[in-house]
Every structure is written in structure tokens, then in C-alpha cells.
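Values quoted throughout were computed directly from the atomic coordinates according to the rules given, and no laboratory measurement underlies them. Quantities reported herein were computed from a predicted structural model and do not represent experimental measurements. Note that we place each Cβ from the backbone using ideal geometry, even for glycine, and neighbour counts take in every protein chain shown.
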Amino acid sequence: MKTKILLSLFVSFMSMSLFSQNPNFHIYLCFGQSNMEGSAEIEACDLNVDGRFQVMASADCQQNGRQTGTWYAAIPPLSQCYVGLSPADYFGRTMVANLPDSITVGVISVAIGGCDIRLFDKDIYKDYLNTYPESWFQNKIKSYGGNPYERLISLAKKAQKEGVIKGILLHQGETNTGDEQWPQYVKKIYENILSDLSLEPESVPLLAGEVVGDEQKGLCAAMNPIINQLPQVIPTAHVIESSGCPVRDDHIHFNSEGVRKLGRRYAFTMLSLLGIL
């Protein structure tokens, strides 16, 4: 009798858990450095957002009243306080514009300007906490509780109770320019994310964007050939081209127009993978 009662309770619990998860709530994890964090100016046209595009706050922000782990309308900035527009902004907008009205898109963005990709390696991240000793970098780390990878995973686990993780967006590489091991670093992080969240690679592709390229006189353009090796290392990875995306005067960051264009390219790739386009 006791066994039957326990079994009945387990079945009820599982039913409640499945019922609470909305298959029409599509969630995307975003990580990287400054371009993904949001380095472009937020303009008036960026402030109107479809309510079907949501962001889970990844850090507390008194500026806009957001609290970590809570969903909000995806009005930029999407990662930390005092940053700007990112590819994730126009990725989400483009997704909801092309998906059925029944589907909501949510993003979780944990990104840190200037970070080495290995800051997201859960085994060695402490070796990269002082990539820049300056307060601006250290404060960003602190806003994520000292461990950006753990913050991303903990929020993703919370989000999984409400929706389904459909993909991972990455924009990083400037700090690792010239490092031929970068694809392997990314592979380990991607596999850790999948394992820690019990996800299958075929259901959760990795979309990685190029940095500012040669035709835009990109200071880190030498990284793009390395980024383009990623699909050879990760079969479910897809590279998003940056050519033709306007940039800022520093030739490292995309400007507002460039960020919008790049974000739409992330979305068009994902929509194609979903069989929408």
C-alpha cells in the first residue's frame, strides 16, 4: 500500500511538472563578451518590444528595477545595467515576428565585456577572473555572483521549469584572437551546458557570430577563420557571418545598425533550423 501511495504521488508530481512547462515558451541562452553584452547605443526605435519577447534578468539592476531570475519584457539592455544593444535584442524580435502568435521567446544573457572564453569553463574559470584587474571588469564579475557560468546554468534550470531551451547564442573571440584552441574551449563549454541541463545537442544548436571582419578593418578580424572552424569541432554549431554589419570607430564593436543586422542573422539561421524559413 505504501509503495502504491508513493508511486501515485510521484506520478502526480511529474504530471504537475510537465503541465507547468509550456512547450510554446522557447528559451535561448546567450553568452560571450562585449558585443553580446551590449555595446551599441540604444535608440528610440529599440524601446518598443513585442510582449511575446521576454528576458530573464541575469543580474539585479536598480536602474530598471529588475531582479535576478525574473522575467520582463525584453526592453534593452538585456544583460547588465548600463550596457547597450546586443544581437540578442534583434534575434528575439525577429524570432517572434516569424513564429506563430502562440509562441513566446525568452532569452537569458550572461556576458562580460573583455572576458576570455575560458571564464565560462566551470573547471578553470577562476584562472580568468582577473583577466582585467580594473574595477569595471571586477564589478561585472560580481554582478554574476563571481561565477558567470554558474549564474547562466542556475537561471537556465529555473527557466526549464517554465519553457523549453531551444538554442544557445555565442558572440565572443576578440580577447582570444589568434588562439587556435578556441573551438576546443567552446566545445567543452557547450558540452558542459548540455550535460548540466540534460539537453541533447540535436535539439539545442550553438549559434556563434563572427567578430568585426577584414572589410570593416576589424582589429580582431584574424579571429574569424578560427571561429569558422567551429562546425568542424561541434557538428551542431553554426557560424553567423558579420560581413556588411556596420561598426563603431573602434573597429571592434558593431554599431546599432550592425547589431540589429547581426541579431537578425542569428534569428534567420535559427528559423531555418526550425524549418520556418
**Request:** Grab the alpha carbons of the chain, take their convex hull, and tell me the volume per residue in Å³.
**Result:** 143
**Request:** Using Cα pairs closer than 8 Å and at least 6 residues apart in sequence, work out the relative contact order for segment 36-133, in percent.
**Result:** 30
**Using a Förster distance of 22 Å, the FRET efficiency for Leu277-Ser102 (Cβ separation, nearest 0.05)** = 0.75
**Request:** Quick one: work out the % antiparallel among DSSP beta bridges in the chain, nearest 5.
**Result:** 20
**Message:** Using the Karplus curve 6.51 cos²θ - 1.76 cosθ + 1.60 with θ = phi - 60°, what ³J(HN,Hα) values do you get for each residue of segment 91-106, in whole Hz, with x for Gly and Pro?
**Reply:** 5, x, 4, 5, 4, 5, 6, 10, 9, x, 4, 6, 9, 10, 10, x
**Fill in**
Taking Cα atoms, the helix 148-160 axis meets the longest principal axis of the chain at an angle in degrees (rounded to 10) of 40
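Per residue Cα convex hull volume for segment 157-256, in cubic angstrom?
Convex hull volume per residue, Cα atoms: 112 Å³.
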**Item:** Cysteines not pairable in the chain (beta carbon separation under 4.7 Å absent)
**Value:** Cys30, Cys45, Cys115, Cys220, Cys245
**Item:** Total formal charge among the other residues, if their Cβ is under 12 angstrom from that of Ile42, Lys/Arg +1 and Asp/Glu -1
**Value:** -3
**Whole-angstrom gap from segment 65-143 to segment 22-36, using each part's C-alpha centre** = 8
**Asked** Counting each DSSP H run of 4 or more residues in the chain as -39500 (n - 2.57), what helix-only mean residue ellipticity at 222 nm follows after dividing by all residues, to the nearest 500 deg cm²/dmol?
**Response** -10500 deg cm²/dmol
**Item:** Cross-link pairs beyond the 28 Å C-alpha cut-off, checked among Lys187/Lys261; Lys142/Lys188; Lys140/Lys261; Lys158/Lys261
**Value:** Lys158/Lys261
**Request:** Apply the Karplus parameterisation 6.51 cos²θ - 1.76 cosθ + 1.60, with θ equal to phi minus 60°, to every residue of segment 122-127 and state each ³J(HN,Hα) to the nearest whole Hz, in sequence, with x for glycine and proline.
**Result:** 5, 8, 10, 4, 5, 6
**Asked** Plugging the Kirkwood radius over Cα pairs into Stokes-Einstein for segment 139-215, at a temperature of 10 °C and a viscosity of 1.306 mPa s, what D comes out in µm²/s?
**Response** 112
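If you average the sequence gap of Cα pairs under 8 Å that are 6 or more apart and divide by the length of the chain, what percent do you get for the contact order?
Numbers: 564 pairs, mean separation 61.1, N = 277.
RCO, the chain: 22 percent.
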**Prompt:** If we count every other residue with Cβ under 11 angstrom of Trp71's Cβ, Lys/Arg +1 and Asp/Glu -1, where does the sum land?
**Reply:** +1
**Fill in**
Tilt, helix 182-196 to longest principal axis of the chain (alpha-carbon atoms), in degrees rounded to tens, equals 20
